[in-house]
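**Student:** Right, I'll just put the structure down here and ask away after.
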Amino acid sequence: MTVHNNDIAAIFREIADLLEIEAANPFRVRAYRNAARMLDGSSLDIAGLIRQGRDLPHIPGIGADLEGKMREIVATGRCQTLQKLRREVPPGLADLLVLPGLGPKRVKALYDELDIHTTAQLARAARDGRIRNLPGFGVKTEQRLLQALAKHSETGRRFKLATAAEYAGSLADYLRAIPGVMRVEIAGSYRRARETVGDLDILATAKAGAKAIEKFTTYDEVAQIVASGTTRATVILRSGLQVDLRVVPPASYGAALVYFTGSKAHNILIRRLAQERGLKISEYGVFRGEKMVAGETEESVYKAVGLPWIPPELREDRGEIDAARAGRLPRLVELQDLRGDLHCHTKASDGQETIAGMAAAARASGLDYIAITEHSRKVTIAHGLDTRRLLKQIEEIDRFNETTSGITILKGIEVDILDDGELDLPDDVLGRLDLVIGAVHSSFGLSRDKQTARIMKAMDHPHFTILAHPTGRLIPDREPYDVDMARLIRHAKARGCHLELNAHPERLDLLDIYCRQAKDEGVLVAVSSDAHRAADFANLRHGIGQARRGWLEKGDILNTRPLKALRPLLRQTM
Ligand code: DGT
Ligand code: CA
Ligand code: CA
């Protein structure tokens, strides 16, 4: 039984939810949530270490009790504590928690006061106007719940790319190890690096296809076999993730890869190009009459329709065909192009590591510099820094740089942009830093005009360097706030500041379409990890995926610069 970090995190999160519905001790609830957050998105393979009988590194917040539960989950796939809670809490209540705006306290109130324990009951009560009278709810909440319920039923469940990657990685390894299997590639939205995926589409070539399919359906994470034949099968994993596998002959591999990588809109354009040339294109190959003229590689398929190979991240019908035909496809940025990371936290605010710990991890990831950018004082839950503590950290970093070679630490801050567009720390201390990242962490509901004006005013600040996670979206819980991004991009250009592409799996913000607008306006994008622990530098690869979806090249990214070329770019040009 293979258990992933994400599985343990999901169990801890469910325990926390159910405990909270039971009004358990808040510290206990928080311990489970913190542990879940630590596990989620961390690239340290906790389950693997436990399986191999190795000691776990000391993880802040994970004591003997939680470690014991992790061992239990890895060994058995279950957790007694959760089983017990599930018996105690009415079924269905936990399902309500996935709706944005519904935390455990509200779910408990809905249950206690109105006997609501399913989404259907909730929808009915909201339509009847019965929710608004509950203490702490109101008309606005009721309307938001109705919207959330509508969206919930139409989109179903999508997986964050980083979460899907956990499952995809071990499944692909498993498939590659099956005797007779030759090639395995994960296609679909996953290969296009979309921020969420609806399901995994896996393509394989194999000597004995039926045998490979049988092995696939008996993978130990399979919870349900939806369909199974000699060349294809569909299963649902325990995590709820659906996986389609198709086994194709090697001669069709390229054609099948183009087809199943999509997007659908891209495929339709390719098919039209083929028709114009008297060709027929399908997942089996490119045909002139009965004769197959291409299909073994993707290159051969694109060549048959008169195009160079197009990187998967561009295959969204956003002008990639015209660019390819004109020989103007971008040379997309790659992970190895990054020289540094401009957004990291340490223990001084809400991170887990010391400065030295983060520096060592960054160096091990091949980076030459990182910026330490703690939260500012307004973010009290993240233990944000005031002037005094920031000055202390500045000294600490100076000392570190004097005594350490191989990596340089830049002094920064993730300063809150206040409601009125002012920054949360005084000018003189900001002026002593190498860079200032401005971030919106409050008042997401401002009108478009106010939000835009607020952020533009922050950019006017002489020390402002980079706008953090520019739309504020959190996948799947928070939509981007309403802001005129085109104006922000033009303003950034005018002020000589930059936009961040935050690589945290829940953010991937700047969004791809805005990356491209930034590039068109000549505004540089900083692909940053927002690392809170050593393992988080691994998230940079998802940021690069998003940057590639935004057509960004090495030169469009701020932190592909060597330190010397970077420094002048951190000062506003005025
Ligand atoms: P997802 O799973 O919702 O994140 O998005 P995709 O793009 O992975 O979509 P999926 O899994 O439904 O199908 C995988 C690929 O198969 C899709 O990107 C393109 C191709 N495909 C699926 N259905 C059609 C179709 O009706 N026509 C064409 N031309 N291609 C299709
Ligand atoms: Ca898919
Ligand atoms: Ca699919």
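**Student:** Pick from Ala255, Ala204: which is crowded, with 21+ Cβ neighbours inside 10 Å and within 15 Å of ligand 3 (Cβ to nearest atom)?
**Tutor:** Criteria check complete, one pass: Ala204.
**Student:** I need the full set of residues from region 426-455 which are in contact with a Leu (Cβ under 7 Å, 6 or more places away or on another chain) and part of a loop (DSSP other than H, G, I, E, B), in order please.
**Tutor:** Of everything in region 426-455, just one residue is in contact with a Leu (Cβ under 7 Å, 6 or more places away or on another chain) and part of a loop (DSSP other than H, G, I, E, B), namely Asp434.
**Student:** Among the residues of region 19-56, write down those that are under 22 Å from the mean Cα position of the chain (by Cα), open to solvent by less than 20 Å² (accessible area, probe 1.4 Å) and closer than 17 Å to Thr163 by Cα.
**Tutor:** Of region 19-56, the ones under 22 Å from the mean Cα position of the chain (by Cα) are 32-47.
So of that shortlist, the ones also open to solvent by less than 20 Å² (accessible area, probe 1.4 Å) come out as 32, 35-36, 38-39, 42, 46-47.
Residues satisfying the conditions are Ala35, Ala36, Met38, Leu39, Ser42, Ile46, Ala47.
**Student:** Out of region 267-297, which residues are in contact with a Gly (Cβ under 8 Å, 6 or more places away or on another chain), more than 29 Å from Arg194 (Cβ to Cβ) and open to solvent by 100 Å² or more (accessible area, probe 1.4 Å)?
**Tutor:** Within region 267-297, Arg277, Arg288 qualify.
**Student:** Would you pick out the residues in region 130-143 that are closer than 14 Å to Leu110 by Cβ and either under 33 Å from the mean Cα position of the chain (by Cα) or open to solvent by less than 60 Å² (accessible area, probe 1.4 Å) (or both)?
**Tutor:** Ile131, Leu134, Gly136, Phe137, Gly138, Thr141, Glu142
**Student:** May I ask you to say which residue of Ala16, Ala9 is within 24 Å of the chain's Cα centre (by Cα), under 30 Å from Leu134 (Cβ atoms) and buried (at least 19 other Cβ atoms within 10 Å of the Cβ)?
**Tutor:** Working: Ala9 fails: under 30 Å from Leu134 (Cβ atoms).
Ala16 is the lone residue from the list that is within 24 Å of the chain's Cα centre (by Cα), under 30 Å from Leu134 (Cβ atoms) and buried (at least 19 other Cβ atoms within 10 Å of the Cβ).
**Student:** Would a scan of region 222-231 turn up a residue that is part of a helix (DSSP H, G or I), of a type outside the set (Val, Ile, Thr), more than 13 Å from ligand 2 (Cβ to nearest atom) and closer than 25 Å to Glu296 by Cα? Explain how you work it out, then say what you get.
**Tutor:** Step one: filter region 222-231 for residues part of a helix (DSSP H, G or I), giving none.
The answer is no, given that none of the residues of region 222-231 is part of a helix (DSSP H, G or I), of a type outside the set (Val, Ile, Thr), more than 13 Å from ligand 2 (Cβ to nearest atom) and closer than 25 Å to Glu296 by Cα.
**Student:** Kindly provide the set of residues from region 215-227 that are open to solvent by 40 Å² or more (accessible area, probe 1.4 Å) and at pLDDT below 95, ordered by number. Can you show your working first?
**Tutor:** To start, the set of residues in region 215-227 that are open to solvent by 40 Å² or more (accessible area, probe 1.4 Å) comprises 215, 218, 220, 223-227.
Selection gives Asp220, Ala223, Gln224, Ile225, Val226, Ala227.
**Student:** Any idea how many residues of region 188-202 are over 19 Å from Ala233 (Cβ atoms) and near ligand 2 (Cβ under 6 Å from one of its atoms)?
**Tutor:** Of the residues in that region, 1 qualify.
**Student:** Contact list please: Cβ distance under 6 Å, first residue in region 48-66 and closer than 25 Å to Ala348 by Cα and in contact (Cβ under 8 Å) with a residue 40 or more places away in the chain, second residue open to solvent by less than 40 Å² (accessible area, probe 1.4 Å) and not in a loop (DSSP other than H, G, I, E, B), pairs at least six apart or on different chains.
**Tutor:** Cβ pairs passing all conditions: Leu66/Ala35.
**Student:** Only one residue in Ile394, Ile381, Ile417 is of a type in the set (Val, Ile, Thr), in contact with a Lys or Arg (Cβ under 9 Å, 6 or more places away or on another chain) and surrounded by fewer than 19 Cβ atoms within 10 Å (Cβ to Cβ), so which one is that?
**Tutor:** Only one candidate passes the filter, namely Ile394.
**Student:** Only one of (1) more than 19 Å from Ala31 (Cβ to Cβ); (2) in a helix (DSSP H, G or I); (3) at pLDDT 85 or above; (4) of a type in the set (D, E, K, R) fails for Arg130. Which number is that?
**Tutor:** (2)
**Student:** Now for a different question. Of the conditions (1) under 27 Å from Leu552 (Cβ atoms); (2) surrounded by 16 or more Cβ atoms within 10 Å (Cβ to Cβ); (3) not hydrophobic (A, V, I, L, M, F, W, C), Lys264 fails just one. Which one is it?
**Tutor:** (2)
**Student:** Looking at the structure I just gave you, is Asp520 surrounded by fewer than 20 Cβ atoms within 10 Å (Cβ to Cβ), without any contact (Cβ under 8 Å) to a residue 24 or more places away in the chain and out of contact with any helix residue (DSSP H, G or I) (no Cβ under 7 Å at 6 or more places or on another chain)?
**Tutor:** Details: surrounded by fewer than 20 Cβ atoms within 10 Å (Cβ to Cβ): yes; without any contact (Cβ under 8 Å) to a residue 24 or more places away in the chain: yes; out of contact with any helix residue (DSSP H, G or I) (no Cβ under 7 Å at 6 or more places or on another chain): yes.
Judged against the criteria, Asp520 is a match.
**Student:** Being part of a loop (DSSP other than H, G, I, E, B) and under 19 Å from Ala526 (Cβ atoms) is the filter here, so list the residues in region 463-494 that pass it.
**Tutor:** His463, Phe464, Thr465, Ala468, His469, Pro470, Thr471, Gly472, Arg473, Pro480, Val483
**Student:** Checking the structure you have, find out if any residue of region 302-312 is within 16 Å of ligand 1 (Cβ to nearest atom) and in contact (Cβ under 8 Å) with a residue 60 or more places away in the chain. Explain how you work it out, then say what you get.
**Tutor:** Here is the first cut: in region 302-312, the ones within 16 Å of ligand 1 (Cβ to nearest atom) are 302, 305, 310-312.
Imposing the further condition that a residue be in contact (Cβ under 8 Å) with a residue 60 or more places away in the chain reduces the set to 311-312.
Checked against the condition, which is being within 16 Å of ligand 1 (Cβ to nearest atom) and in contact (Cβ under 8 Å) with a residue 60 or more places away in the chain, region 302-312 yields at least one hit.
**Student:** Name every residue in region 144-157 that is open to solvent by 50 Å² or more (accessible area, probe 1.4 Å) and either hydrophobic (A, V, I, L, M, F, W, C) or touching a helix residue (DSSP H, G or I) at 6+ places or on another chain (Cβ under 9 Å) (or both), in order of residue number.
**Tutor:** Leu146, Ala150, His152, Ser153
**Student:** Being part of a helix (DSSP H, G or I) and either more than 19 Å from Leu570 (Cβ to Cβ) or open to solvent by 20 Å² or more (accessible area, probe 1.4 Å) (or both) is the filter here, so list the residues in region 360-376 that pass it.
**Tutor:** If the condition is that a residue be part of a helix (DSSP H, G or I) and either more than 19 Å from Leu570 (Cβ to Cβ) or open to solvent by 20 Å² or more (accessible area, probe 1.4 Å) (or both), then Ala360, Ala361, Arg363, Ala364 are the ones that fit.
**Student:** Also, quick follow-up: Give the residues of region 174-201 that are touching a strand residue (DSSP E or B) at 6+ places or on another chain (Cβ under 8 Å), of a type in the set (Gly, Ala, Ser) and either assigned to a helix (DSSP H, G or I) or surrounded by fewer than 17 Cβ atoms within 10 Å (Cβ to Cβ) (or both), sorted by residue number.
**Tutor:** Gly180, Gly188, Ser189
**Student:** Working only within region 502-513, note down all residues that are closer than 19 Å to Thr560 by Cα and open to solvent by 50 Å² or more (accessible area, probe 1.4 Å).
**Tutor:** His504
**Student:** Starting from residues that are among the charged types (D, E, K, R) and open to solvent by less than 50 Å² (accessible area, probe 1.4 Å), keep the ones in region 434-460 and report whichever is nearest to Arg473 (Cα to Cα).
**Tutor:** Applying the filter and picking the extreme gives Arg454.
**Student:** Within region 469-490, how many residues turn out to be touching a Lys or Arg at 6+ places or on another chain (Cβ under 9 Å), more than 24 Å from His152 (Cβ to Cβ) and open to solvent by less than 30 Å² (accessible area, probe 1.4 Å)?
**Tutor:** 2
**Student:** Being more than 16 Å from ligand 2 (Cβ to nearest atom), farther than 20 Å from Lys105 by Cα and over 27 Å from the mean Cα position of the chain (by Cα) narrows it down to one of Arg127, Arg176, so name that one.
**Tutor:** Numbers: Arg176 fails: over 27 Å from the mean Cα position of the chain (by Cα).
Selected residue: Arg127, the only one of Arg127, Arg176 that is more than 16 Å from ligand 2 (Cβ to nearest atom), farther than 20 Å from Lys105 by Cα and over 27 Å from the mean Cα position of the chain (by Cα).
The values are calculated or read from the model by the stated rules, or taken from the named source; none is laboratory data. Since the model is a prediction, treat every value here as computed from it, not as a measurement. Quick reminder, even Gly has a Cβ in these numbers, built from the backbone with ideal geometry, and neighbours come from all protein chains shown. Please note that ligands, DNA and RNA were not included when accessible areas were found on the heavy atoms of the full protein model with its side chains. Shrake-Rupley method; radii C 1.70, N 1.55, O 1.52, S 1.80 Å.
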